[in-house]
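Here's the structure, in structure tokens; my notes come after.
Coordinate-derived values only; no laboratory data. Since this is a predicted model, take the numbers as computed values, not measurements. Backbone-built Cβ (ideal geometry, glycine too); neighbour counts: all protein chains shown.
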Amino acid sequence: MTVYFNGEFVDKDDVSISPDDRGFVFGDGVYEVMRADRGQFFRMDAHVRRLRRSLREIRLDGVDLEALRGAVEQLLPRNGLDDRRAKVYLQITRGAAPRRHAFPPPSTEPTVYARASVNEPPTEKWEQGVKVILRPDQRWARCDIKSLNYLPNVLANQAAMEADAYEAVFVREGFVTEGSHSSVLAVFDGTVCAHPLTNRLLPSITRDAVLSLCRDLDIPVEETPVPAADLPEADELMVLGTTTGVMPVVQVEDWAVGDGTPGAVTRELQAAFHASEPA
Ligand code: PDD
């Protein structure tokens, strides 16, 4: 596998990252996950914009994002992925320097890494819908930054796997925020309800795409936090994300959502979303 590492394309086995890397020591960095179909990236501009914002918010500069975008695009042909569904994982850390909490000397180069792999769409789950569990949101107060600090997400997602569920949905102060690696939409009486974009959740690119489809399809949208206590009355529920797509949720913990099958609004959005993907 050919990966991009600090300005060069190299074999993945030849990458070596210092144990002093601040990503390793502190989780001091940010990441992105992008998706492509037959060489065409889905909303690449939005991913680059979000990455730029994440870097700015953690005060990490010195990365040429236009060059990085070109490198990410090249990863597909270099790995024989330009005629397939692919995903790219990209990570930038504050570089390697002797451990201290404050920023390293300004001469420290950021560590930049990106790899492409096949993206197998979860077609069967899209069809049947999935189960989710609810978990207290114990994350920090800057969930809008796509930072490497995902320990609460890891623990919650592991709990989901152990409960035979696809995803863990976080609840903070009684309100649904998002999933461990996805965003969440609920449907009440035909209206799609989404948590407004605040510091409590990631500005998900799939969420943005689906909410604009709602506007195109005349599906009413309310950007308001959903109380977890109201979830049993939701007609439909879905989780969204770059690797998740538009995923119907048919079960929460041990109870069924709606009639226990993917609902009509979810189906409509799923179809429109998949039709809008790059050809
Ligand atoms: N996760 N919320 C969280 C906490 C996420 O980690 C993600 C994506 C999303 C959905 O965002 P988007 O639609 O931009 O992919 C929401 C990526 C895919 C991951 O960690 O693998």
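For the reader, a short list of remarks on this structure follows.
- Centre-to-centre separation between the Cα atoms of region 120-135 and those of region 1-65: 27 Å.
- Shape category assigned to region 55-103 from the gyration tensor of Cα positions, a/c cut at 1.5: prolate
- Full extension of the segment from Arg100 to Ser18, taken as 0.36 nm per residue of separation minus the current Cα-Cα distance, would add 28.0 nm.
- Using θ = phi - 60° and Karplus 6.51 cos²θ - 1.76 cosθ + 1.60, couplings along region 28-35 (whole Hz; Gly, Pro as x): 8, x, 9, 8, 9, 10, 10, 10
- Overall form of region 151-279 per C-alpha gyration tensor (a/c, 1.5; a/b vs b/c): rounded
- Anisotropy class of region 28-149 from Cα gyration tensor, a/c 1.5 cut: oblate
- R0 of 45 Å, Cβ-Cβ distance Glu127-Asp11: FRET efficiency to nearest 0.05: 0.75
- Think of each Lys and Arg Cβ as +1 and each Asp and Glu Cβ as -1; about the Cα centre, that makes the dipole of region 1-150 roughly 680 debye.
- Derived scalar couplings between HN and Hα for region 88-102 equal 10, 9, 10, 9, 10, 10, 7, x, 9, 6, x, 5, 7, 5, 5 Hz in order, rounded to whole Hz, by the Karplus curve 6.51 cos²θ - 1.76 cosθ + 1.60 (θ = phi - 60°), x for Gly and Pro.
- Shape metrics for region 83-186, restricted to C-alpha atoms - Rg then Dmax, Å: 17.5, 52
- Residue order, fewest to most surrounding Cβ atoms within 10 angstrom, among Arg69, Arg99: Arg99, Arg69
- Amide H contacts of Asp144: Leu201, each under 5 Å away and 5 or more positions distant or on a separate chain (H built 1.01 Å from N in the peptide plane; Pro and chain starts excluded).
- Over region 131-226 - Rg/Rh using Cα atoms and the Kirkwood inverse-distance radius: 0.98
- Sorted fewest first by neighbouring Cβ atoms within 10 angstrom, Leu55, Leu151 come out as Leu151, Leu55.
- Local net charge near Pro203, Cβ-Cβ under 13 Å (Lys/Arg +1, Asp/Glu -1): +3
- Candidate lysines - alpha carbon under 26 Å from Lys131, same-chain residues fewer than 8 apart omitted: Lys87, Lys146
- 33 Å tail of the calculated P(r), the chain, as % of Cα pairs: 24 percent
- Relative contact order %, the chain, counting alpha carbon pairs below 8 Å whose residues are six or more apart: 18 percent
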